[in-house]
């Protein structure tokens, strides 16, 4: 057991930290205020190789391990969770799924530009379309349909809460082909955004991660070639569950970054702010708050690293990813709230960042599996 980061990991951490502070920090409050997608920042992530971190170089990726991904996600999320969630979806849900289960043709045509984040010098990212108005945690209740017709499928339906909804060029769309088979009748398809019948709905006006673009996507008689189905007939639900386990490591890392970023701001503020004739860092109540934050954050970090290590070791990481996500997300919500308390009235003001971080933290308890669903996953692992 070795808790020391490698030289490569340290370099990645520094690169991600520099990127966050130099490219994301400036304008992050404005992007949040105006719900502006961080196009420039995501494009620069592509240039750094951070949109396909774990993809093999054979398909345009950086070929890094999951530990590297966790490190980079934490550093970027400390500053801008809207940018980091775009990175997470492309890495964890889209690229991972295509590399693990896609055909060689699909990898060449779609995975390679997705891993590079660029196609013809333009931003090229993906989105994961599983949730529906009546199918959130209950992903088996897919009402989007994919009717088989000769050499293609016809897709009809609506998807909700789609991150990268308007910015993505490629969608992974889950749809029911054989209703009588239940979850064994679900398939997943690669659908290009500009195909006839695909419509992007209005942007959601969200509490947090307001810079990321969240939309509903509708499909009306969208014709999808059979070669764009990923995996065998009925593989879609299994694809979703296996891919989401990796996605939870990404969201756990995002939550970790929000928590650790809030603590860093709290530590710095405690050395500047004075009350009762001394810096507030000298007050025991502030010291205890910081001590509790540091302890919980370190525990969250170790859970993230453990899940990442198991994934890289080809072990079953379903339970560890769920533990990392539920603990990290709840730590993020608690730590950002504590940060506001440390800042006092200033914490309630946008220019001090921590109120935004608390708003951003809430979604980590919901998307890619709610905290309640993670507890179901964990308890099943314990009781089996």
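A count restricted to the range 257-279 and to residues that are within 22 Å of residue 80 (Cβ to Cβ) and touching a residue at least 12 places away in the same chain (Cβ under 8 Å) stands at 12. Looking at the structure I just gave you, is residue 123 touching a residue at least 24 places away in the same chain (Cβ under 8 Å) and surrounded by fewer than 24 Cβ atoms within 10 Å (Cβ to Cβ)? Yes, satisfied. Inside the range 344-384, can you point out the residues that are under 13 Å from the mean Cα position of the chain (by Cα) and closer than 15 Å to residue 244 by Cα? The answer is 364, 365, 366, 367, 368, 369. Considering the range 95-110, the residues that are under 15 Å from residue 191 (Cβ atoms) and more than 18 Å from the chain's Cα centre (by Cα) include one that is surrounded by the most Cβ atoms within 10 Å (Cβ to Cβ), namely 110. Got at least one residue in the range 280-293 being over 21 Å from the mean Cα position of the chain (by Cα), within 25 Å of residue 85 (Cα to Cα) and part of a helix (DSSP H, G or I)? For the range 280-293, residues over 21 Å from the mean Cα position of the chain (by Cα), within 25 Å of residue 85 (Cα to Cα) and part of a helix (DSSP H, G or I): present.
State whether one or more residues within the range 271-286 are touching a strand residue (DSSP E or B) at 6+ places or on another chain (Cβ under 8 Å), exposed (fewer than 14 other Cβ atoms within 10 Å of the Cβ), assigned by TED's automatic domain parsing to the domain that holds residue 375 and more than 18 Å from residue 258 (Cα to Cα). Looking for residues that are touching a strand residue (DSSP E or B) at 6+ places or on another chain (Cβ under 8 Å), exposed (fewer than 14 other Cβ atoms within 10 Å of the Cβ), assigned by TED's automatic domain parsing to the domain that holds residue 375 and more than 18 Å from residue 258 (Cα to Cα), one finds at least one in the range 271-286, hence yes. Quick one: in the range 44-66, which of the residues that are under 20 Å from residue 6 (Cβ atoms) and free of Cβ contacts under 8 Å to residues at least 12 places away in the same chain is surrounded by the fewest Cβ atoms within 10 Å (Cβ to Cβ)? My answer is 57.
Looking across the range 156-181, the residues that are under 21 Å from residue 202 (Cβ atoms) and over 19 Å from the mean Cα position of the chain (by Cα) come down to 156, 157, 158.
The values are calculated or read from the model by the stated rules, or taken from the named source; none is laboratory data. Please read these numbers as outputs of a predicted model, since none were measured by experiment. Heads up, the Cβs are rebuilt from the backbone with ideal geometry, glycines too, and the neighbour counts pull from every protein chain shown.
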